[in-house]
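Each remark here refers to the structure printed beneath this line.
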2 protein chains.
Amino acid sequence: MQKQELGMNVDNTKAHKAPPARVAVLGAGGLGMAAAQMLSQKRSLQLVAIADKGGAAIDPTGLSVEDLLDAQKKHKTVGAAGIKTDDSIGAVIKHLGLIDGVFIALPNLDNNFVPSVVRRFADAKYSGVMVDALKRTTAVKNIFQLHKKLQQSRITYITGAGATPGLLTAAANLAAQSYSEIQSIDIEFGVGISNWEAYRATIKEDIAHLEGFNLEKVSTMTYEEILAELDRRDGILKLVNMEHADDILLEIAGTVSREKVHIGGVVDTRNPKKPVSTHVTVTGRTYDGFTSTHTFTLGDETTMAANVLGPAFGWLAKALQLHKRGIYGVFGSAEIMPKFAP
Amino acid sequence: MQKQELGMNVDNTKAHKAPPARVAVLGAGGLGMAAAQMLSQKRSLQLVAIADKGGAAIDPTGLSVEDLLDAQKKHKTVGAAGIKTDDSIGAVIKHLGLIDGVFIALPNLDNNFVPSVVRRFADAKYSGVMVDALKRTTAVKNIFQLHKKLQQSRITYITGAGATPGLLTAAANLAAQSYSEIQSIDIEFGVGISNWEAYRATIKEDIAHLEGFNLEKVSTMTYEEILAELDRRDGILKLVNMEHADDILLEIAGTVSREKVHIGGVVDTRNPKKPVSTHVTVTGRTYDGFTSTHTFTLGDETTMAANVLGPAFGWLAKALQLHKRGIYGVFGSAEIMPKFAP
């Protein structure tokens, strides 16, 4: 078999033997620590830095998840396994030369927070790849506005690269290809978690989508208030017509105008079993005049973390290939095929 | 919204207003003529050349499907609406300057035929994009062997860019991202056609996959022999463990080794209703230890032509973007996200 030397069409055998790409994870909540755990199992990617509110741990030879979990447990910050600091992002930025890729797993109650972090990396002349798992349309829109700036600093950035937006958005873009005209794209996700406290930031974001709530209101809610709200709903959050970036990502990919994209979901905060199977349907009219629906359904046994982080690192692996080819700027997850990262 | 000037991240509004890309279709059987029909409905792509055994029709201002159908009906070749010639590929190659993209819809009973046609384009210094909907592993492998040659002639080529391989292969690659380890990828397609004579080359290829048949044997079968074979099977062809390029495409994309990919299908040659819903399942183990299955299912109302040609032109549109960015060579459909071509 003829092997490809192109970045986008790589000799996989060689890729496995190449030294792993060095990854920083920003955020060490439920998602960030799950990312650390996933990275510990990968041959092609290695965790070299992680940051939370209280500090950062950085080791160019690779970090141990056990040490990080231990530091969090005993001292409430991964910084206990490294540097305790109020500016943990700044601590990571001091070691940019050690980092090939950044996965952003920061809580995002303010739509400008992640863009402001990305701007710091660009201003510090970082030239590598970055991937986020942002959810809201406004947040992703703010990232797209950094396109020229990131091109200048030679950063390859893929936004909305989680499960939804992300895996399901890309699947919707694929499914749309059978049709001449898209009538609607409907995403419904089911999430079942037994330990909602570990995903407090995510749950807060979900609550912000409910009627009578918004990001501002939610940001001031205490643990007890969240608990009371969950109690009132028997632990179940039903979300409809969410502000989710699947819409803008599919519009920017050129697939469909955003108003035809609808996102809803059901989150059970007291049961690991998913209340509904997460799926996306794409309904359209074919060139030969038929109306039909393609469906992409995720297996119930896959966790939110697996469906967010697996694709996120797949996009990070693809971004590394694009970066090597000199392709910089902001790309949406719906327009780029992720690459399986072993 | 910030607009992207990158080829891979295009301003869609502008793209719609740009003159359509000029497309040649090689082959004017069932698939080739369906391609002509689909192109007649697209704003971003325009049919300027089509070729069959008996000749070629070429018009830089666009061809009329009605004229082509008329020519085929009355004279059994699209050449009657253009040039009658024994070397219709040669006739198209004489007008390379008029062509931005080529869709190859040639019958492919010989695994070297399509590669030999592609080689002619490269030798003639064609620098544009080419897309095929080849099915068999060997045929796609032969195309990959042209990678360096096509890089030199600055051709951007996407192979296996139909439904399966193609749409379902890419969906499998996406679905695989949730897993750490892929256990199996299983594609089952259902095809229902009432007019099998129009897809004679495709049916012949299907028969070649049956026990007791091969490409050589099938290539000499007469119409009556095919008819008799279909009669013996009540018009239904059950195909298992087919030699289908989904396997090599997923291996080259770095997703899974080819022996874990299985392709089968059921073709009903007497009924437009699909005997089974076409779907792909991806079963794997997640980083957190669960085994699960993602499923991508095509709506029954979509025809084979819609599911092959829609994606094929989606990949052609994406290949045009890659070509503009100077990215040349052979790519597999599983590693490139198609772009919706309006």
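The values are calculated or read from the model by the stated rules, or taken from the named source; none is laboratory data. Only a predicted model underlies this, so the values are computations on that prediction, with no experimental measurement involved. Quick reminder, even Gly has a Cβ in these numbers, built from the backbone with ideal geometry, and neighbours come from all protein chains shown. Each accessible area value is taken on the protein alone, full model and side chains, heavy atoms only, with ligands, DNA and RNA left out. Shrake-Rupley method; radii C 1.70, N 1.55, O 1.52, S 1.80 Å.
General observations
- Local charge for B:A71 was computed over the other residues whose Cβ lies under 15 Å away, with Lys and Arg +1 and Asp and Glu -1, and equals 0.
- Taking chain B as a Gaussian network of alpha-carbon nodes connected by springs under 10 Å, the highest mean-square fluctuation of the residues B:L39, B:L47, B:L322 belongs to B:L322.
- Contact order relative to length of chain A, as percent, for alpha carbon pairs under 8 angstrom and 6 or more apart: 21 percent
- The protein assembly as shown, accessible surface, carbon-and-sulfur percent (1.4 angstrom probe): 49 percent
- Nearest-first distances (nm) between copies at A:E181, label 7 Å from Cα via Cβ: 4.9
- Ellipticity estimate at 222 nm from DSSP helix runs (n ≥ 4, -39,500 (n - 2.57)) divided over chain B, nearest 500: -10000 deg cm²/dmol
- Within region A:18-100, all pairs of alpha-carbon atoms sorted by distance into 10 Å bins from zero give the percentages 21, 57, 21, 1.
- Computed from Cα atoms alone, the Kirkwood hydrodynamic radius reported for chain A is 20.5 Å.
- A:D70 - accessible surface, heavy atoms, 1.4 Å probe, Å² rounded to 10: 70 Å²
- Over 24 Å (Cα to Cα) - which of A:K339/B:K141; A:K125/A:K148; B:K238/B:K274; A:K273/A:K339 fall in this group: A:K273/A:K339
- Short-range pairs are left out: with C-alpha atoms under 8 Å and at least six residues apart, the relative contact order of region A:18-107 is 37 percent.
- Counting only protein heavy atoms and a 1.4 Å probe, chain A has 37 square angstrom of accessible area per residue.
- For the protein assembly as shown, the Kirkwood radius over C-alpha pairs fed into Stokes-Einstein at 4 °C and 1.567 mPa s yields D = 50 µm² per second.
- Note on B:K324 and A:D86: with the Förster distance fixed at 41 Å, the Cβ-Cβ geometry gives a FRET efficiency of about 0.35.
- With a 10 Å cut-off around each Cβ of B:248-258, the average count of Cβ atoms from other chains is 4.
- Amide hydrogen neighbours beyond the local backbone of A:H244, cut-off 5 Å, H modeled: A:T137
- Under a Gaussian network description of chain B, with springs only between Cα atoms under 10 Å, the residue in B:A317, B:A161, B:A198 that fluctuates furthest is B:A198.
- A quarter of the convex hull surface defined by the alpha-carbon atoms of region B:109-213 gives 9.0 nm² as the mean projection.
- With label points set 7 Å from Cα along Cα→Cβ, the inter-copy distances at B:R233 are 5.3 nm, sorted shortest first.
- Highest-MSF residue in chain B out of B:P272, B:P107, B:P115 [GNM, Cα springs under 10 Å]: B:P272
- Amide hydrogen neighbours beyond the local backbone of A:L47, cut-off 5 Å, H modeled: A:V23, A:L63
- Here region B:273-342 yields Rg over Rh of 1.10, to two decimals, using C-alpha coordinates and the Kirkwood radius.
- DSSP-defined antiparallel bridges as percent of all bridges, the protein assembly as shown, nearest 5: 45 percent
- Among beta bridges that DSSP assigns inside region B:167-299, antiparallel share in %, nearest 5: 70 percent
- Label 7 Å beyond Cα on the Cβ vector: A:K149 copy-to-copy distances, nm: 4.9
- Per-residue mean of C-beta atoms belonging to partner chains within 10 Å, peptide A:329-337: 5
- Screening chain A for whole DSSP H helices of 18 Å or more along their axis (Cα) with average Kyte-Doolittle hydropathy at least -1.0 returns A:304-324.
- Spatial separation of Cα centroids for region B:108-187 and region A:153-171, in angstrom: 25 Å
- Each other residue within a Cβ distance under 12 Å of B:D186 adds +1 if Lys or Arg and -1 if Asp or Glu, for a net charge of -2.
- P(r) tail, region A:167-299: Cα-Cα pairs separated by more than 23 Å, 40% of all pairs.
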